[in-house]
Each structure stands twice: as structure tokens, then as C-alpha cells.
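Taking it in order: structure first as C-alpha cells, then the write-up.
The values are calculated or read from the model by the stated rules, or taken from the named source; none is laboratory data. Bear in mind that the values here come from a model prediction, so they are computed numbers and not experimental data. No Cβ is skipped: glycine too gets one built from the backbone with ideal geometry, and neighbour counts run over all protein chains shown.
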Amino acid sequence: MRKSSAVAGMLVLALSTAPSLSGETTPVGTPISIEAVRLASDRVYSDLLRRAYANGWRYPPEQIKSGFKRHFEETRLQLIDQGYIIVPDVSESASQ
């Protein structure tokens, strides 16, 4: 299995346990990899940029880079608020 497929699978599992409109909540302490959070955030923000570009909006590279960082941080904080625990990447843990 490719690494990106594994990360995408982890993200789907993690996000599928997010609170729903029916009032269900995520079990406290559900772990999710920071790599999975970054990948999901980057994909969503890239899609937002594609739609903005299609509508004729243009942004300088510095603003795009800042937007990626801001979107990741907002996504991370939302997941923490929903009960997830952001865990380090496996490669980061192995190097320590």
C-alpha cells in the first residue's frame, strides 16, 4: 500500500468519527497523525485555491504560502476541539 493511500485511509477513519448532526461525539482522545491532518488540510486548501482561480481571483505566492499555514493550523485546532489527539509522524518518532 502506498504511503499516501495509508494516510488517506487513516484520515477517512478519523474524520468518519467526527461529530455528526445527530449529536454523536468523537470519543475523547481519538488519535490522528499530524501528517494526515496536514495532507487533508493541503488538499482542501488546494481545492479552495482552484475554485478561487476559476473565479478569476489571483493571489501572490506569499499569500498562498501563508494561507496553507493558516488553514493547517485552523484544521488542527478544529480537530483538537472535536476530541482528537494529534500524534507525531511515525518517521519523527523513530528519529527521536
- Item | Pair list, Cβ < 9 Å and 6+ apart or interchain, from the stretch 43-68 residues that are surrounded by 11 or more Cβ atoms within 10 Å (Cβ to Cβ) to residues that are in a helix (DSSP H, G or I) and β-branched (Val, Ile, Thr) | VAL44/THR75; TYR45/ILE64; TYR45/THR75; LEU49/ILE64
- Message: Going residue by residue through the stretch 70-82, is there one that turns out to be of a type in the set (Ser, Thr, Tyr), exposed (fewer than 13 other Cβ atoms within 10 Å of the Cβ) and on the phi < 0 side of the Ramachandran plot?
- Response: no
- Task: Return only the number of the condition from (1) among the hydroxyl-bearing types (Ser, Thr, Tyr); (2) out of contact with any helix residue (DSSP H, G or I) (no Cβ under 9 Å at 6 or more places or on another chain); (3) modelled with pLDDT of 95 or more that THR25 does not satisfy.
- Result: (3)
- Looking at (1) hydrophobic (A, V, I, L, M, F, W, C); (2) modelled with pLDDT of 95 or more; (3) within 10 Å of the chain's Cα centre (by Cα), which is the one condition that is false for LEU15? (2)
- Item | Which listed residue, of SER20, SER91, SER41, is hydroxyl-bearing (Ser, Thr, Tyr), out of contact with any Lys or Arg (no Cβ under 9 Å at 6 or more places or on another chain) and at pLDDT 60 or above | SER91
- Which one of VAL44, VAL28 is among the aliphatic types (A, V, I, L, M), part of a loop (DSSP other than H, G, I, E, B) and out of contact with any strand residue (DSSP E or B) (no Cβ under 6 Å at 6 or more places or on another chain)? VAL28
